[in-house]
1. Taking the Cα-to-Cβ direction at TYR96 and at SER62 and moving 7 Å from each Cα, how far apart do the two end points lie in nm?
2. Using 1/(1 + (r/R0)^6) with R0 = 22 angstrom and r between the beta carbons of LEU74 and ILE220, what's the FRET efficiency to the nearest 0.05?
3. Based on the mean of other beta carbon atoms within 10 Å per residue, what is the order of 93-99, 64-70, most packed first?
4. Report the label-to-label distance for GLU180 and ASN33 in nanometres (one decimal), using points 7 Å from each Cα along the Cα→Cβ vector.
5. Quick check: pseudo-label points 7 Å beyond the Cα along Cα→Cβ at VAL5 and LEU207, how many nm apart are they?
6. Using r as the Cβ-Cβ distance of VAL190 and HIS164, and R0 as 22 Å, what FRET efficiency do you calculate, to the nearest 0.05?
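Every number here is computed from the coordinates shown, using simple stated rules; none is lab data. Keep in mind that what you see is a predicted model, and the values were worked out from it rather than measured. Glycine gets a Cβ as well: all are built from the backbone with ideal geometry, and neighbour counts include every protein chain shown.
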Amino acid sequence: MNQYVSERRLTWCYGLLAIMLTISVICIAIPYNHWQSTLDVCPSIGLENNNCACIFFGVSTSQYFNGGHSSYCLYAIFAPLPIIAYAIIMALFHMYRVCINNIGKFEDEKSTTMEEIEGEAIVATSRARVSNNNDAVIYCWVPTSCLAAIFCIYNMIHAAIITHGFLRTCSQYRAYVARELRASGDHVSVIHFRLSCQSIFDFMDYLQKDAPNSRRGDFINTGLSLQLALISSWVAVMLWIAVVVYTAIRAHKERDVLTCCGN
């Protein structure tokens, strides 16, 4: 795999990363904005206002269904923004190099010349290394690979937190549904062990009332939106792994060249 192919694949990876993470942010922001006034019903303790407007980490109480602390949703929405910006910049950078400069396109291709020395014909074969001898990018494959690994871990932590928050809300709302429907016996078993989280969030979309005034406005598909956010976040993690692999391969092939952290 020459440098041109590597950078073309990195263009796709970074571009898809920006798209996946943007989908994740949007699909979390919509339910958060929709549910924050309804779920923010936890009691204030003294002068402290316990802000529980987040769709993640919801809690079923004896009176209402409370959301998790708003900081969880704010983290889920704003944490990916720096790596979205980084992914867009890197996608445009590699796209420019691949589509306009054709950097590394002819790497590893052989060229043959014939020379005559002392009356004898000698065939000389050479192999191109890079298309531009002054290509400075070869000095930064190692730092880029390390940075991609850091962002991969960062993205994995983000995906794990929102996945845990999603499952926590789903589990807590199962108990809330069973209580509100006054279910007993096998009905409770169905709610807890057979209904998917999508079905549980469907109950939430149509049955959950705005606690202070018992009304709801427009309906959204909360379960679908949150599941799209989870899927896109974990796809982004896999794309980061691919970026780490491609950049590490290039760093290995350029191991004889000093990195930008060298002398």
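1. 6.4
2. Working: r = 19 Å, r/R0 = 0.88.
Plugging the Cβ-Cβ distance into 1/(1 + (r/R0)^6) gives 0.70.
3. Sorting 93-99, 64-70 by mean packing, highest first, produces 64-70, 93-99.
4. So the label points at GLU180 and ASN33 sit 2.4 nm apart.
5. Calculated label separation equals 5.5 nm.
6. Values: r = 25 Å, r/R0 = 1.12.
Given R0 = 22 Å and the Cβ-Cβ separation, E is 0.35.
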